[in-house]
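Notes to accompany the following structure.
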Amino acid sequence: MEMMKLSLGPLLYYWSREDTLAFYGEAAGWPVDIIYLGETVCSRRHLIRVQDWLDLAATLADTGKEVVLSSQTLIESESDLKMLRKLVGQGRFKVEANEFGAVRLCAEAKLPFVAGPTLNVYNPETLAMLSESGAVRWVPPVEMPRDMIAAMPVPENVETEVFAYGRLPLAFSARCFTARHYNLQKDDCQFKCLEHPDGLTLRTREAQDFLTLNGIQTQSGKVHSLAHRYADLDGSKVDVLRLSPQLRHMGRVVEVFRQLADGALNAKDAPGRLDRLIPGQPYDGY
Amino acid sequence: MLPEPLLELICPAGSLPALKAAVDHGADGVYLGLKDNTNARNFSGLNFDEKSLAEGIRYAQAKGRKVLMALNTYPQPATLSRWHAAVDKATELGVDAVILADPGLMAYANRTHPDLRLHLSVQGSATSYEAVNFYRERFGIRRAVLPRVLSLPQVENVIRNTEAEIELFGFGGLCVMVEGRCLLSSYACGDSPNTFGACSPGHAVRWQQTDKGMETRLNGILIDRYADNEKAGYPTLCKGRFEVQGDTYYALEEPTSLNTLEMLPEMHRLGVAAIKIEGRQRSPAYVAQVTQVWRAAIDAVKKSAATFAVQPAWHAQLDKISEGSMHTLGAYYRPWK
């Protein structure tokens with residue numbers, strides 16, 4: 001089996017500029033192969049602008065990381081499209097296309113791209129079409145079960161990357177649920193997401209952690225971790241494991257996955273190592 | 001120069017009687033699906049088999065109306081042939097268009113039935129003209145149904161920048177999430193609209209009278225609890241009451257439904273090709289009432305958009321069948337966001 005690669009997925013939350021830059025400063029030294037950069041959730045989050053992401057991309061690429069620029073998942077306005085065009089137009093780094101407008105622009109610019117998890121790739125014909133359009137990697141929908149991923153015929157030169165750690169991004173809306181919680185309208189949200197660097201927990205009326213509110217995005221309440229099912233990855237066609245950023249202990253989470261991938265850590269010992277680092281309850285997913 | 005706007009009325013047909021009700025009360029077209037997970041209203045007791053489909057097509061087309069067949073879930077490797085067979089069957093029986101979400105299935109339709117008219121389903125989640133034009137260029141889609149996330153000026157921007165016709169939801173149940181971008185039901189009970197064709201499916205639902213009130217659960221997860229004086233609703237999981245930082249409220253969306261009657265003149269002016277009425281799970285009587293009101297409203301707008309006014313009788317008729325539920329303009333009216 002070829003060496004499993006690790007990626008740091010796009011930052012899904014909204015952190016202060018200092019925290020964000022410090023996070024990626026540290027990430028430069030973590031044993032991840034690929035770093036995804038960019039705002040995928042909300043166009044109102046402006047502390048790091050497109051140009052900042054591009055500068056950060058150049059810095060991280062100099063340390064030997066593969067850098068991919070992730071596109072916004074829900075495109076609503078002409079200014080959203082303007083940002084998307086800037087992301088594609090830089091021409092140096094791959095783009096993770098998270099909706100089909102980005103696919104169109106990447107294909108037109110002949111820019112290699114990653115087919116992101118929200119493109120809803122469920123069958124070989126769709127994947128082949130994306131490959132012909134320039135996709136070099138695909139991320140299956142986070143609901144796709146292991147056996148279905150294993151059964152998927154993947155074109156040569158296309159890598160498979162699975163969401164392996166973090167709260168699962170489950171849904172997107174026109175409406176902002178964090179603003180709604182504070183009785184604010186989205187257009188005047190006062191950037192309340194900044195107060196919730198790991199999201200806002202939504203519980204059932206019997207206090208079960210169910211979901212996590214992250215602006216217009218809804219995530220799982222529990223933290224998905226493939227480390228808890230690592231043995232199942234044997235014989236799968238997965239090339240890359242995606243680890244989704246959290247504010248604290250991310251470097252140590254990466255370290256556990258690196259040791260698992262290198263065979264330096266026994267799969268049955270991983271949960272014990274990881275559980276202390278997880279902000280919430282673990283969940284071993286689909 | 002834009003072509004003359006169509007402003008067709010497209011109504012739901014969950015059964016042959018509902019199809020006939022829609023046609024008889026003035027729908028320009030109906031949309032329907034087969035009795036399986038090839039479409040996004042996979043509920044037991046709903047939808048069409050080959051015989052009822054053939055009869056439905058005959059009935060509608062004899063009166064000059066269109067039949068649009070939804071095949072708008074995402075086929076998976078093991079069962080791909082079922083979706084292909086459904087596209088073949090739709091063509092053989094002579095539907096006017098198929099409504100698809102999956103690009104792979106569009107490629108199949110193009111290859112096998114080059115003359116078959118394709119509409120991009122709302123489940124395809126295309127919210128910009130760049131996305132709509134992707135499907136237009138690659139697969140020749142003739143129409144796109146937009147997710148219920150754009151304000152009307154944003155809809156206008158899409159219409160101005162694509163040759164595809166644009167269809168909008170006008171009335172009925174409202175997804176608060178972007179269609180095709182929601183895995184909440186999958187997370188809660190393993191079945192998602194994308195693959196299974198239903199959200200919060202009936203088999204996962206439990207109603208239970210307890211000391212604390214009527215509880216509704218989805219796969220064991222408490223979605224809501226109702227006091228004795230409250231009317232218990234179906235546990236669609238985004239419309240339950242949950243607790244966030246000590247507040248218990250409708251954290252995602254109140255159980256409201258969409259009604260855009262008052263926006264019709266603006267939709268007409270923008271060149272919207274069709275208004276879609278949600279509700280394939282509804283009764284023929286419901287479909288008849290809603291179709292009748294919307295037919296009258298669209299006719300009034302086409303006659304004179306400047307003097308159009310929503311008739312109180314229309315609201316009364318719609319309120320009666322929506323069981324007094326609240327209405328919203330959704331994302332078309334920006335402050336809703």
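Bear in mind that the values in this text are calculations on the coordinates, not laboratory data. Everything quoted here is computed from the prediction, not taken from an experiment. Positions of Cβ are generated from backbone atoms using ideal geometry, with glycine treated the same way; all protein chains shown enter the neighbour counts.
Annotation for segment B:166-242 versus segment A:259-274: alpha-carbon center distance of 38 Å. When DSSP beta bridges are limited to those with both residues in the protein assembly as shown, what percentage is antiparallel, rounded to the nearest 5? If we restrict to bridges inside the protein assembly as shown, about 40 percent are antiparallel. Each of residue B:302 and residue B:228 was given a label point 7 Å from its Cα along the Cα-to-Cβ line. The distance between the two points is 5.3 nm.
If you keep only loop residues by DSSP, which trypsin sites (Lys or Arg not before Pro) in segment A:30-60 have at most 15 other Cβ atoms within 10 Å of their Cβ? Could the numbers behind the result be given before it?
Details: sites: A:44, A:45, A:49; in loops: A:44, A:45, A:49.
Those satisfying the criteria are A:49.
For chain A, the fraction of C-alpha pairs farther apart than 31 angstrom is 23 percent.
Each residue of segment A:269-276 is assigned a 3J(HN,Hα), and the resulting list reads 8, 5, x, x, 5, 8, 4, 6 Hz, derived from the Karplus form 6.51 cos²θ - 1.76 cosθ + 1.60 (θ = phi - 60°), x at Gly and Pro.
Using the Kyte-Doolittle scale, find the helices of chain B whose mean hydropathy is at least -0.5 and whose Cα atoms extend 27 Å or more along the helix's long axis, counting only whole DSSP H runs. Result, helices passing both filters: B:284-303. Bin all alpha-carbon pair distances of segment A:1-104 at 5 Å intervals from 0 and give each bin's fraction as a whole percent. So the P(r) values, bin by bin, are 2, 12, 25, 24, 19, 11, 5, 1, 0, 0.
Only the Cβ atoms of Lys and Arg (+1) and of Asp and Glu (-1) were treated as charged; on that basis the dipole of the protein assembly as shown about its Cα centre amounts to roughly 800 debye.
In this label model, residue A:157 and residue B:254 are separated by 5.5 nm, measuring between points 7 Å along each Cα→Cβ vector. Note on A:199-208: average number of Cβ atoms from other chains within 10 Å of each residue's Cβ is 6.
Shape analysis of chain B yields a ratio of the Cα radius of gyration to the Kirkwood radius, Rg/Rh, of 0.96.
Residue by residue along B:123-136, Cβ atoms of other protein chains within 10 Å of the local Cβ number 6 on average.
Counted over segment B:184-250 with a bin width of 10 Å, the fraction of Cα pairs per bin, in whole percents, is 22, 49, 26, 4. Packing, as the average of other Cβ atoms within 10 Å across residues, places the peptides A:60-71, A:231-242, B:118-129, B:297-308 in the order B:118-129, A:60-71, A:231-242, B:297-308, highest first. The alpha-carbon positions of segment B:22-95 define a convex hull whose volume is 85 Å³ per residue.
For chain B, the 222 nm mean residue ellipticity estimated from helices alone, with every DSSP H stretch of n ≥ 4 adding -39500 (n - 2.57) and the total spread over all residues, rounds to -10000 deg cm²/dmol. In this structure, residue A:236 and residue A:206 have a Cβ-Cβ separation that, at R0 = 51 Å, corresponds to a calculated FRET efficiency of about 0.90.
Each stretch of four or more DSSP H residues adds -39500 (n - 2.57); spread over every residue of chain A, this sum gives -8500 deg cm²/dmol at 222 nm.
The antiparallel fraction among DSSP beta bridges confined to chain A stands at about 35%.
On the basis of the beta-carbon distance and an R0 of 41 Å, residue B:205 and residue B:58 show a calculated FRET efficiency of 0.70. Straight-distance candidates among the aspartates and glutamates for linking to residue B:212, with alpha-carbon spacing under 17 Å and chain neighbours fewer than 8 residues away dropped: A:206, B:224, B:228, B:230, B:243. Global dimensions of the protein assembly as shown from alpha-carbon coordinates: Rg and Dmax equal 24.0, 76 Å. For chain A, lysine pairs separated by 8 or more sequence positions, or belonging to different chains, with Cα-Cα distances below 15 Å total 6.
Treating cross-link reach as a plain straight distance, find the aspartates and glutamates whose alpha-carbon is under 17 Å from the alpha-carbon of residue B:63, omitting any fewer than eight places away in the same chain. Qualifying aspartates and glutamates at Cα under 17 Å: B:8, B:24, B:28, B:55, B:96.
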